[in-house]
Amino acid sequence: MTNTRSTARTLDQFYTSPTVARDCIDFAKAQLSRLNFDTLLEPSAGAGAFSDQLGPACLALDIDPRMPGIVRADFLKWPPPADPGRTLVIGNPPFGRAARTAVRFFNKAAEFADVIAFIVPLSFRKDSVQRQLDRRFHLLAELELPDQSFIFEGAPYSVPCCFQIWERRPEPRLPRPKTTTHADFTFCKRDEADFAVQRVGANAGRIKPVDKAGSANSHYFLRATGDATLLRLRFEKIDFDMVRNHCAGCPSISKAEVVDLYCQILADEEAFPPDPLLLQARSRHPVETKTTAAAVPLCPGNRRGHPELARHVGPLDIDRASDALWPLPIDTENVLKPAAAGGTRAGKHARSIARKADHDWQIRNGPGGLDAVGSNGHRQGGSARADKRAA
């Protein structure tokens, strides 16, 4: 039967690259010590990427077989053997919309399998998906797959996926606590918010001023229960890449993931507590800001405190503070040197500018990047703009 585009899409016929299947099999062997099972089953074999390499001992099923030796059968309706013995179900099930079909394949396999080793969308890392899986199974190991791990209509194809190994255990898997609230902030309506976090799309996790946020369906709106500037600064430090792509479709972030990532930032602060001078600076010398962007507080006039304070100014802080802080009442190099030592382009460029300077500087974001004007009128360019402070 000719494999048309409509058939391929309808049946989710994204076949596994033989090389990737080999890597998954080797990974499973390493995690399970050996593949010593009474029954090996590939439930959606397609072109036989797994079963072909596992040999004749592996039973291969597919609703639309593409290779000889694969049994035509709908796995979701297939009656397993009465006594299959120790069983491994391995392969690449169809995902379906929002991974629903992959969940159904998993739970069907869980009726009789001892180990399930499936290629699944990254959404299987999400608690919301794992709560749908048979609780008798526990995640043993995971291997993230490279780009172009699949073949669709004869051509390499990329889908964000991983290979997960789940094993049956006597005790049920306890669901992870689902926390969607935190004492430092509340999810609120737009007109009550201090800032917004994009919820879906390629830029999920982007922090925005409330007036720049789009639809309420695509954004979370947050109100601080304490210091709004400090809360936003913490949110700016969150790496949302850790979770936003945990899906095969449109990137998204759940409230529970927002809370969890924020808690990780707090844990980092506990491991590396801020210098007391930083806290004193924020409370005693509020910084006048031009926008709602978070600021890194400084201590105007307290020259002794700045070298210690500078230790807590990282490269991201430079980018964020540059739009809000001016003038800098101290030698620019003392503030920017820690970031330059960290090897960032912005920090290195800023330190180079500071060394050439013979006057104080102002730092602001500009369309041309990092510009500096010294007393000799020389201008440097880069990722922010620094103008000589008026005498």
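The values are calculated or read from the model by the stated rules, or taken from the named source; none is laboratory data. Because the structure is predicted, anything quoted here is derived from the model rather than measured. Cβ: placed from backbone, ideal geometry, glycine included. Neighbour counts: every protein chain shown.
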Could you list all residues from the stretch 146-181 that are in contact with a Leu (Cβ under 9 Å, 6 or more places away or on another chain) and either exposed (fewer than 13 other Cβ atoms within 10 Å of the Cβ) or not polar (S, T, N, Q) (or both)? Val159, Pro160, Cys161, Cys162, Phe163, Ile165, Trp166, Glu167, Arg173
Residues that are polar (S, T, N, Q) and in the same structural domain as Ala99 (by TED's automatic domain parsing), drawn from the stretch 130-180: Gln130, Gln132, Gln148, Ser149, Ser158, Gln164
Conditions (1) of a type in the set (Asp, Glu); (2) out of contact with any helix residue (DSSP H, G or I) (no Cβ under 8 Å at 6 or more places or on another chain); (3) within 24 Å of Phe105 (Cα to Cα); number of the one not met by Asp211: (3)
The lone exception for Arg125 - which of (1) under 30 Å from Thr180 (Cβ atoms); (2) touching a residue at least 40 places away in the same chain (Cβ under 8 Å); (3) in contact with an Asp or Glu (Cβ under 7 Å, 6 or more places away or on another chain) it fails: (3)
Candidates Leu143, Leu122, filtered to the one that is surrounded by 15 or more Cβ atoms within 10 Å (Cβ to Cβ) and at pLDDT 90 or above: Leu143
Those residues of the stretch 121-158 which are in a loop (DSSP other than H, G, I, E, B), among the acidic types (Asp, Glu) and within 24 Å of Pro251 (Cβ to Cβ), in sequence order: Asp147
Out of (1) more than 30 Å from Asn36 (Cβ to Cβ); (2) in contact with a helix residue (DSSP H, G or I) (Cβ under 6 Å, 6 or more places away or on another chain); (3) surrounded by fewer than 19 Cβ atoms within 10 Å (Cβ to Cβ), the odd one out for Arg100 is which? (2)
Part of a loop (DSSP other than H, G, I, E, B), polar (S, T, N, Q) and surrounded by fewer than 17 Cβ atoms within 10 Å (Cβ to Cβ) - does that describe any residue in the stretch 194-206? yes
Of the residues that make up the stretch 13-20, is at least one more than 19 Å from Arg136 (Cα to Cα), outside the structural domain of Pro251 (by TED's automatic domain parsing), assigned to a loop (DSSP other than H, G, I, E, B) and not polar (S, T, N, Q)? yes
